[in-house]
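A short write-up of the structure that comes next.
No value in this document is a laboratory result; all are computed from the given coordinates. What you are looking at is a predicted structure, and each value in this text was computed from that prediction instead of being measured. Cβ placement follows ideal geometry from the backbone for every residue including glycine, while neighbour counts extend to all protein chains displayed.
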Amino acid sequence: MTIDISYETDIELDIPYEDIIRQMVVAALDYENCPYEAEVSVTVVDDKEIQKINKTYRNIDKATDVLSFPMYQYEKAADFDNLDDSAFNPESGELLLGDIVISAEKVTAQAKEYGHSKEREFAFLLVHSMLHLLGYDHMEEEERLVMESKQKEILELNDYKR
């Protein structure tokens, strides 16, 4: 398992973010019964940087809490039986998941807004993004309900409760 972690802001979350990243990446993959070792990148930035990334890649000129950049487009979410060679790193053989970018400022603000810890908010954003990297979405109501149910269960299985 390769998890590339970058902390690119002076804003301190004062939480064990590296441990939470490792825990929740593995938890999401285990929950979805991923049979492969995987590769993912997680970067923590400030609102200004995530706004720039959001504008560049989504043409939305505002800060957001998390961005997901999947490396592979699944025909059906988390369908590991029908992956082609492009889904894997040719050097390591690991499943290429993609990139996650999280705003440290949004973690703090949303934890306060929703009345839970920064650890729980950070874990939530990671799980949410991991599900996107595995092909889940929430554009349609039915998809949203599936994704929310999975997020809640993964978080609860790892003792992150509201």
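Structure notes:
- For the pair Lys52 and Lys152 in one chain, pulling the backbone fully straight at 0.36 nm per residue adds 33.0 nm over the alpha carbon distance.
- Gained length - Asp10 relative to Glu75, 0.36 nm times residue gap less alpha-carbon distance: 19.5 nm
- Net lengthening on full extension, Asp84/Ala109 (0.36 nm per residue, minus Cα-Cα): 5.0 nm
- Stokes-Einstein D for region 85-162, Kirkwood Rh over Cα pairs, 37 °C, 0.692 mPa s (µm²/s): 236 µm²/s
- Sites listed here are trypsin sites (Lys or Arg not before Pro) in region 1-83 whose DSSP assignment is loop and whose Cβ has at most 12 other Cβ atoms within 10 Å: Lys62, Lys76.
- Candidate lysines for bridging to Lys76, where Cα separation is under 16 Å - those fewer than 8 sequence places away on the same chain excluded: Lys150
- Simple spin-label estimate for Asn59 and Glu91 in nanometres, 7 Å along Cα-Cβ: 3.5 nm
- Listed by number, the DSSP H helices of the chain that run 18 Å or longer by alpha-carbon position along their axis and have mean Kyte hydropathy of at least 0.0 are 17-31, 118-133.
- Gap separating the Cα centres of region 104-162 and region 1-29, nearest whole Å: 14 Å
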